[in-house]
Amino acid sequence: MRILVTGGTGYIGSHTTLALLEAGHDVVVLDNLANSSEESLKRVQELAGRSAVFVHADLLDEGAVDSVFAEHAIDAVIHFAGLKAVGESVAKPLYYYHNNVGGTLNLLRMMDKHNVRTLVFSSSATVYGASEEVPLTEKMPMDAVNPYGRTKEQIEDILADLGAADGRWNIALLRYFNPAGAHESGRIGEDPTGVPNNLLPFVAQVAVGRREKVMVFGDDYPTEDGTGVRDYIHVVDLAAGHLAALEYITVKPGVHRWNLGTGNGSSVLQVLAAFSKAAGRDIPYEIAPRRPGDAAVSYADPSAALADLGWSAQRTLDAMCEDHWRWQKNNPQGYAAS
Ligand code: UD1
């Protein structure tokens, strides 16, 4: 197939683009490079030994999106492009709704116009909000607790309405748990702009000496060691989940929802221990107050993805830390140095 990947130069997008190329698909990457670098695509192409087409454009530019579909015979879309910083979304809600929801509406209208109705959407476990029940299943209600999360929830609602209105759409809503790790080559990985919001990239930057210490947000949660528990999933496993979902929906129309997680929770202290072991050095940390809006425990019930897609995460937390570290050690400043 020829797949349009929006946000294909970002962290999950670049790993998925590589997996698509390796599986023999043709890929058109559309990205505005707001929070990513074209260098990631260069490296993806080196690893795959094949090229993708790159279109530097913004989904808010409807004319540009129209042209992409007019110029390339696209069969399906994997839609990653979007803003994802929770704190920023609280400060700038209009920016988030405009970009994430507005950009998606443009994409969907242009897909419809050009008769492309197969879509894999990058959703998030964040749609479950502060649910205290674990494991999280796809049947639980959505109740996102911040503007970023609500953009994911609203896009899921839009896609559900679209699928209900027109049976020709094939839609996968993939709810990612906590992506971590990097391609085992150490050539591509997560390269956040500014101070990382998420645990793994922050820990990696401390390990490589870019930051002094990790602040552990709370050690008084009702968990084994008191720190927050999350379901970290290797980004290469996550990428494979997209291919499995795409294969499934091309033969099965309708709107489908799948959690992509491992089903196992790890605490912040367990992540720190695994990362120190991988990096062969101590990672300084300090216990800090809880971060507002954080759940104590979140992990997936990934059984629907296994039953429907035959997909399950294969890689361990140790592998995530080893691969994340290889990327960070080889690219201490991310893609910037290239
Ligand atoms: C966060 C977002 C979520 C988003 C997801 C992926 C919040 C409240 N949630 O999820 O909407 O979908 O990232 O981008 O921001 N931690 C520390 N110190 C740090 C960073 C994190 O102790 O410097 C802890 C957190 O308290 C949490 C765990 O590490 O227990 C994971 O945090 P993080 O990587 O930010 O992911 P989530 O909070 O699960």
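Scanning segment 133-167 for residues being hydroxyl-bearing (Ser, Thr, Tyr) and surrounded by fewer than 21 Cβ atoms within 10 Å (Cβ to Cβ) gives a total of 1. Only one entry in Glu184, Glu190 is more than 13 Å from the ligand (Cβ to nearest atom), acidic (Asp, Glu) and part of a loop (DSSP other than H, G, I, E, B), namely Glu184.
Every condition in (1) within 14 Å of the ligand (Cβ to nearest atom); (2) within 22 Å of Lys84 (Cα to Cα) is met by Glu224 except one, and the failing one is (2). Within segment 273-287, can one find any residue that is in contact with a strand residue (DSSP E or B) (Cβ under 6 Å, 6 or more places away or on another chain), of a type in the set (A, V, I, L, M, F, W, C) and not in a loop (DSSP other than H, G, I, E, B)? Yes. Restricting segment 227-258 to residues that are within 20 Å of Thr137 (Cα to Cα) and within 13 Å of the ligand (Cβ to nearest atom) leaves a set whose member that is nearest to the chain's Cα centre (by Cα) is Leu238.
Please indicate, with yes or no, whether at least one residue in segment 168-178 is surrounded by fewer than 19 Cβ atoms within 10 Å (Cβ to Cβ) and either in a helix (DSSP H, G or I) or within 16 Å of the ligand (Cβ to nearest atom) (or both). Explain how you work it out, then say what you get.
Within segment 168-178, the first condition is being surrounded by fewer than 19 Cβ atoms within 10 Å (Cβ to Cβ), and the residues that meet it are 168.
Filter once more, keeping what is either in a helix (DSSP H, G or I) or within 16 Å of the ligand (Cβ to nearest atom) (or both): none.
No, segment 168-178 contains no residue that is surrounded by fewer than 19 Cβ atoms within 10 Å (Cβ to Cβ) and either in a helix (DSSP H, G or I) or within 16 Å of the ligand (Cβ to nearest atom) (or both).
Val271 meets the conditions (1) open to solvent by 50 Å² or more (accessible area, probe 1.4 Å); (2) within 13 Å of the ligand (Cβ to nearest atom); (3) under 25 Å from Gly129 (Cβ atoms); (4) at pLDDT 95 or above in every case but one. The failed one is (1). Restricted to helices (runs of 4 or more DSSP H) entirely inside segment 48-152, those with at least 2 residues that are within 18 Å of the chain's Cα centre (by Cα) are 86-91, 103-113. Take the conditions (1) surrounded by fewer than 15 Cβ atoms within 10 Å (Cβ to Cβ); (2) among the polar types (S, T, N, Q); (3) within 12 Å of the ligand (Cβ to nearest atom); Ser124 misses just one of them, which is (1).
Restricting Ile3, Ile74, Ile12, Ile78 to residues that are within 16 Å of the ligand (Cβ to nearest atom), of a type in the set (A, V, I, L, M) and either open to solvent by less than 40 Å² (accessible area, probe 1.4 Å) or at positive phi (or both) narrows the list to Ile12.
The values are calculated or read from the model by the stated rules, or taken from the named source; none is laboratory data. Quantities reported herein were computed from a predicted structural model and do not represent experimental measurements. Cβ coordinates were reconstructed from backbone atoms using ideal geometry, including for glycine residues, and neighbour counts include every protein chain displayed. Calculation scope for accessible area: heavy atoms of the full protein, side chains included, ligands and nucleic acids excluded. Shrake-Rupley method; radii C 1.70, N 1.55, O 1.52, S 1.80 Å.
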